[in-house]
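Enquirer: Got a structure here, written out as structure tokens. Questions coming.
The values are calculated or read from the model by the stated rules, or taken from the named source; none is laboratory data. Quick caveat: nothing in here was measured; it's all calculated off a predicted structure. Note that we place each Cβ from the backbone using ideal geometry, even for glycine, and neighbour counts take in every protein chain shown. To get the accessible areas, we keep the full protein, side chains included, count just its heavy atoms, and leave off ligands, DNA and RNA. Shrake-Rupley method; radii C 1.70, N 1.55, O 1.52, S 1.80 Å.
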Amino acid sequence: MNQRFFVTSTGTGIGKSFITAGLVRQAKALWRSVAAHKPIISGFDPTNPGDSDTGLLLQSLGEVINEETIHRLSPWRYTAPLAPALAARQEDREIDFDALVMHTRGALLAPNDLILIEGVGGIMVPLTDRHTVLDWIEESEVPVILVVGSYLGSISHTLTALTVLKQRGIPIHAIVVNESEGASVTLQQTMEQLLPFTSLPLAPVARRDAGYDVNDVKELRALLA
């Protein structure tokens with residue numbers, strides 16, 4: 001069974017890379033071949049790539065972290081922790097949206113059982129002066145896994161994201177509710193409040209402590225059924 005998903009979220013710092021890496025590990029546990037890509041990354045420190053989102057994905061794939069693998073997963077890299085359009089401009093560069101789409105579509109043609117494309121920031125983050133992540137998702141032509149948090153305000157952000165995705169006719173495979181650190185709203189309360197507003201599959205992921213087993217995010221396994 002071949003599956004292709006675009007992993008996006010309501011904003012930055014919600015946990016897209018953690019969830020993408022978790023999906024990679026669960027696919028491998030099910031003996032499926034898997035590829036993951038994060039074509040654009042901002043806030044990338046080339047002197048410490050292992051602590052980057054790209055590094056996290058490479059670790060989940062069981063690959064070495066070197067210049068070749070980093071470039072394969074993330075060819076568009078920017079040092080400033082800003083929206084991609086701003087980060088690129090700060091380096092006197094510009095993201096070629098057409099090239100990004102071609103790169104993404106090419107990655108999705110690989111023969112792996114599961115292929116994941118991880119976005120950058122939230123669905124409306126600017127990539128250029130004319131394109132957002134939403135445009136990138138639409139051009140990728142694959143279903144979305146939407147990663148949301150459990151913080152106060154997450155319900156509004158989630159419903160807004162769902163509305164925008166549906167307006168574009170983008171299929172949504174599932175919503176992953178990734179528990180937010182220090183939130184005044186519980187994971188269970190977030191789930192209960194979302195249920196009346198959507199019939200989409202909801203996957204709650206409880207927050208892990210620093211010593212968690214990286215292979216133990218089994219809440220995500222149902223998304224690969």
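Enquirer: From the residues Thr79, Gly55, Ala29, which one has its Cα farthest along the dipole of segment 1-95 in the positive direction, the dipole being from +1 and -1 charges on Cβ of Lys/Arg and Asp/Glu about the Cα centre?
Expert: Ala29
Enquirer: Do any trypsin sites (Lys or Arg not before Pro) in segment 69-101 lie in a loop, going by DSSP, with at most 14 other beta-carbon atoms within 10 Å of their beta carbon, and if so which?
Expert: Qualifying residues, ordered by number: Arg93.
Enquirer: Where in the chain lies the longest segment free of chymotrypsin sites (Phe, Trp or Tyr not before Pro) that are both loop residues by DSSP (not H, G, I, E, B) and have at most 16 other Cβ atoms within 10 Å?
Expert: Result, exposed sites excluded: 32-211.
Enquirer: Now for a separate question. What net charge do the residues around Leu146 carry, taking every other residue with its C-beta under 12 Å from that of Leu146, with Lys and Arg at +1 and Asp and Glu at -1?
Expert: Combined, the nearby Lys, Arg, Asp and Glu give +2.
Enquirer: What's log10 of I(q)/I(0) for segment 70-196 at q = 0.12, 0.17 Å⁻¹, Debye sum over Cα points only, no solvent?
Expert: Values, matching the q order: -0.55, -1.01.
Enquirer: Quick one: compute a quarter of the convex hull surface over the Cα atoms of segment 144-225 and quote it in nm².
Expert: 5.7
Enquirer: Follow-up. Calculate the FRET efficiency for Asp96 and Ala222 from the Cβ-Cβ distance with a Förster distance of 41 Å, rounded to the nearest 0.05.
Expert: Result of the calculation: an efficiency of 0.65.
Enquirer: Hey, another quick one. Using 10 Å bins from zero, what percent of all Cα-Cα pairs in the chain falls into each bin?
Expert: Values per bin, smallest distances first: 8, 35, 39, 17, 1.
Enquirer: Still on this model: In segment 92-190, which GluC sites (Glu not before Pro) fall in coil by DSSP and have 14 or fewer other Cβ atoms within 10 Å?
Expert: Those satisfying the criteria are Glu94, Glu141, Glu181.
Enquirer: Suppose all protein chains stay in the model; what accessible area per residue would a 1.4 Å probe give for segment 1-76, in Å²?
Expert: 41
Enquirer: Additional query: Just tell me, in residue order, which DSSP H segments of the chain are both 18 angstrom or longer along the helix axis (alpha-carbon based) and at least 0.0 in mean Kyte-Doolittle hydropathy.
Expert: Helix filter hits for the chain: 16-29, 154-167.
Enquirer: Here is a follow-up. Full-extension gain between Glu138 and Arg208, please, as 0.36 nm times their residue separation minus the C-alpha to C-alpha distance.
Expert: Fully extending the segment from Glu138 to Arg208 adds 22.0 nm.
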